[in-house]
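The values are calculated or read from the model by the stated rules, or taken from the named source; none is laboratory data. None of these values were measured; they are calculated from a predicted model. FYI the Cβ positions are ideal-geometry reconstructions off the backbone, even for glycines, and counts take in every protein chain you see. With ligands, DNA and RNA removed, areas are computed over all heavy atoms of the protein, side chains included. Shrake-Rupley method; radii C 1.70, N 1.55, O 1.52, S 1.80 Å.
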Amino acid sequence: MKHLLTLLVMLGSFQHALPESYSCSASEFKLDGEYILGGLFDIHHRSSSVVYNRPVIVDSICSSNNNKSFTLSSYRMFQVMRFAVQEINNSSLILPNVSLGYEIFDHCSDTFNFQAILNMISRNGSIQVLRCVNEYVSKVIAVAGPFRSMESMTVAPLFAMNLIPMVNYGSSSSVLSDKWKYPSFLRTTASNKDLIQLIILIIQHFNWNWVAFVSSGDENSQNGLQLFKSKLKDTKICLAYAKELNEMSDHYEILQQLEDLSIEVIIVFARQSSAVAFIKSAIKHNIHSKVWIAGDSWSLNKNLPRLSGIKAIGTIIGITETVMPLPGFKDFVYLSHTQRNNRPTTCEQTPSGRTCNQACDLCSDVSPEEIIGENPSYSFATYSAIYAMAHALHNLLLCDIKGCSDNVTVYPFMLLQELKRSNFTILNRHIEFDSNGDPTCTSYAIVFWNQSGQAQKVGSYETDPAVDVPFSINNTKIHWYADQVSNFSDDIICINCRKTEWSKPGSTFCTQRSVEYIPFTDPVAITLMFSTGVLLALTLAIVILFALNYDKPVVKSAGGPMCFLLLGCLSASSISVFFFFGKPTVTNCVLRYFLFLLFYTVCLGCFAVRSFQIVCIFKMATKFPKIHSWWVKHNGQWWLIAIVFVLQLLLLTTVFTASPPTPVNDMTSYRDQIILKCAMSRTVIMFLLLTIVLASLCFIFSYMGKDLPKNYNESKAITLYLLFLILTWITFCTASILYHGKYLQLFNAMSVLSSSYSILFCYFLPKCYIIIFQPQKNTQQHFQGIIQRYTQNISSK
């Protein structure tokens with residue numbers, strides 16, 4: 001009778017909060033009000049990946065039996081939000097005479113729910129792109145949710161555009177604390193940094209050292225693993241094994257690996273569906289005598305403790321935020337169930353007022369007992385998120401006992417500022433946010449799954465710095481389910497291998513790291529050295545050929561005496577290839593770079609001067625005869641080459657004296673190898689500065705000579721050479737970014753050799769071909785005819 005009277009009283013208040021509760025237009029997902037709060041709850045979660053070839057209605061994605069799973073815990077949080085809004089609307093202490101409404105969506109997927117998000121940030125059904133953002137009022141003034149970290153990271157930027165507050169109740173990834181990326185994100189649930197710290201405190205409390213960390217592929221779990229690894233540096237805890245669970249995971253193989261590594265303590269920090277499947281597999285495969293540390297997603301699961309054989313797998317210790325009972329919620333759930341069942345059947349055929357992701361076909365089949373008995377882990381976080389929005393709105397509207405101001409326009413960014421200043425107490429819990437939008441005070445419970453299948457509280461952890469004893473565990477309340485596990489401490493000590501050693505994941509011994517470098521006997525090294533010898537031989541042959549034909553027009557047009565300087569510097573720079581092999585020493589580190597950087601830069605200087613000379617001959621001699629005369633009279637080309645040589649010599653000498661390339665042992669690129677190489681960063685930078693200038697000059701002058709006679713292709717040959725040179729070093733730079741092994745110095749030697757060969761093939765060999773096979777073109781008359789025709793064409797223009 002008493003319960004019936006309570007229901008009648010609740011019915012009256014609920015009808016006040018939800019007018020037209022029995023009309024077809026009413027919905028659990030919507031409530032009209034002066035100010036609308038948004039809600040995102042993954043009541044259905046799309047668990048499988050399906051590729052669609054055409055646009056699909058979002059409702060069909062969330063409601064399709066093949067792609068969804070009904071999540072009762074999320075449906076409970078959904079009801080908690082509705083309950084909190086009703087409580088606020090019926091209260092005379094907060095937002096008196098102001099009605100709150102809500103627009104809630106079933107956020108079933110990371111990628112197929114943008115219609116709901118756009119609906120929330122819209123204004124009168126449209127989104128204005130060009131507007132004054134400080135005067136824009138969206139459909140909702142704030143949003144609760146979504147639950148998962150990846151979902152929050154996906155939608156948060158859309159709400160951040162207008163600084164619409166997101167007060168989250170379930171996303172705990174520490175990445176979301178970054179206010180540069182997520183400026184409007186706050187949360188009433190704990191951050192992973194606190195959860196992981198609590199797990200480490202539990203492990204240290206029992207002196208466990210040899211542990212495994214099992215995660216899932218979601219952002220929250222991966223963030224937890226990263227934090228766990230980072231916090232182990234100053235502890236004696238050894239992470240013997242880490243594994244990510246997914247739909248294709250072989251649970252038996254993972255469990256067998258844990259057995260082979262003698263791991264007794266297993267942290268399962270994964271989403272609830274993955275953790276439940278993994279624990280069921282442990283029962284199925286007769287895993288015994290382990291200690292399982294449950295993450296907050298499944299530590300209060302109601303079904304697992306009732307499974308037959310759950311005690312055989314060992315002791316389960318969980319962490320969760322302290323559960324806070326919500327007075328009146330039970331009656332609210334019963335009343336909502338009654339109203340839902342009393343809706344006219346004709347309402348099912350009346351979709352008016354319903355938008356995408358605002359349908360729940362299975363919700364009518366859920367009993368009130370199931371909702372009330374479901375995992376309450378995030379109920380208070382949801383409840384306090386709604387109250388945080390209400391308190392911020394209360395302050396923004398200058399409310400007091402008499403009422404609220406009617407002259408205040410509420411913009412989302414104003415509400416966000418008030419939310420950041422939140423400081424109130426609800427159900428004896430203090431609500432306040434730090435500068436990262438995280439709760440300043442969070443209370444955790446350490447629970448033990450006892451023999452009756454209940455999560456019994458055995459300890460606590462408080463993040464409030466004012467608490468005298470923030471962490472405590474009552475060991476006497478824990479019943480260890482296997483004698484060999486009873487209050488044990490690991491006899492395995494985690495020892496760090498020396499820098500010259502490494503160990504496989506889970507290994508109990510260290511192995512000497514292999515020392516890697518390219519010996520002279522390496523087949524590729526032999527090939528490169530042979531190629532260098534061929535290049536030197538070709539260079540010598542070209543020198544002899546040019547010397548025999550020194551007075552011929554082809555040799556003179558190629559640069560005359562400058563050709564011999566160019567070929568000599570080319571040979572000297574190519575010798576550096578021999579110093580890329582063998583065990584690095586100070587001598588070969590210096591020579592491999594000094595020879596190439598000095599003499600190849602002179603080659604570039606020669607080409608820059610040669611390009612300029614070509615332009616002078618064909619253009620300046622005609623249009624600027626005085627400048628051309630001065631250049632010839634004072635041997636300007638040799639002065640420029642000398643300046644390039646001296647400048648590069650000074651640069652290299654200065655850099656090599658201050659910080660010469662020296663042998664280094666690279667111990668960071670590969671955990672099982674030590675790569676012997678030469679450090680060269682500063683010399684490369686100095687070389688690039690001068691090289692870029694010279695290459696740029698070559699291109700400029702070559703471009704100026706683009707309209708030279710077709711048969712006179714000096715500038716074209718230089719341009720082709722430069723293209724090969726640039727392509728070669730872009731390829732090497734890309735390889736050096738992607739690869740850090742011993743063969744990188746082979747790539748370096750190949751780049752040096754390729755740079756040298758490009759000069760021979762693009763510039764010298766075509767001239768050798770003319771000298772040997774086309775002597776009729778190697779005459780004074782042939783060249784004078786080309787120049788005269790070009791000069792006449794220029795004059796006629």
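Details
- Hits in region 576-609 (condition: within 42 Å of the chain's Cα centre (by Cα) and among the aliphatic types (A, V, I, L, M)): 577, 586, 590, 591, 595, 597, 598, 604
- Filtered by the rule that a residue be more than 17 Å from residue 191 (Cα to Cα), open to solvent by less than 30 Å² (accessible area, probe 1.4 Å) and small (Gly, Ala, Ser), region 458-477 gives a lone residue, 459.
- For first residues located in region 116-145 and modelled with pLDDT of 80 or more, partners that are of a type in the set (S, T, N, Q) and not in a loop (DSSP other than H, G, I, E, B) and lie 6+ apart or on another chain with Cβ distances below 8 Å form the pairs 139/119; 144/168; 144/382; 145/152; 145/168.
- Breaking point among (1) open to solvent by 10 Å² or more (accessible area, probe 1.4 Å); (2) under 30 Å from the mean Cα position of the chain (by Cα); (3) modelled with pLDDT under 90, for residue 154: (3)
- Residue in region 86-103 that is within 33 Å of the chain's Cα centre (by Cα), under 20 Å from residue 142 (Cβ atoms) and at pLDDT 80 or above present: yes
- If the condition is being among the aliphatic types (A, V, I, L, M) and assigned to a loop (DSSP other than H, G, I, E, B), then region 68-101 contributes 93, 94, 95, 98.
- Of everything listed in (1) modelled with pLDDT under 95; (2) not in a loop (DSSP other than H, G, I, E, B), the single unmet condition for residue 172 is (2).
- Candidates 756, 715: the one that is within 30 Å of residue 537 (Cβ to Cβ), in a helix (DSSP H, G or I), modelled with pLDDT under 90 and open to solvent by less than 80 Å² (accessible area, probe 1.4 Å) is 715.
- Some residue of region 567-580 being β-branched (Val, Ile, Thr), buried (at least 21 other Cβ atoms within 10 Å of the Cβ) and in contact with a Phe, Trp or Tyr (Cβ under 7 Å, 6 or more places away or on another chain): no
- Strands (runs of 3 or more DSSP E) contained entirely in region 386-490, each with at least 1 residues that are among the aromatic types (Phe, Trp, Tyr): 423-426, 443-449, 455-462, 471-473
- Looking across region 278-307 at every residue that is more than 23 Å from residue 444 (Cα to Cα) and of a type in the set (Lys, Arg), the one that is surrounded by the fewest Cβ atoms within 10 Å (Cβ to Cβ) is identified as 306.
- Taking the listed residues 297, 281, the one that is modelled with pLDDT of 85 or more and assigned to a helix (DSSP H, G or I) is 281, with no other qualifying.
- Strands (runs of 3 or more DSSP E) fully within region 203-273 counting 2 or more residues that are surrounded by fewer than 21 Cβ atoms within 10 Å (Cβ to Cβ): 238-245
- Exclusive hit being modelled with pLDDT under 90, open to solvent by less than 30 Å² (accessible area, probe 1.4 Å) and either under 25 Å from residue 45 (Cβ atoms) or charged (D, E, K, R) (or both), set 363, 347, 356: 363
- Subset of region 627-677 that is part of a strand (DSSP E or B) and in contact with a Gly (Cβ under 8 Å, 6 or more places away or on another chain) - its residue that is surrounded by the fewest Cβ atoms within 10 Å (Cβ to Cβ): 673
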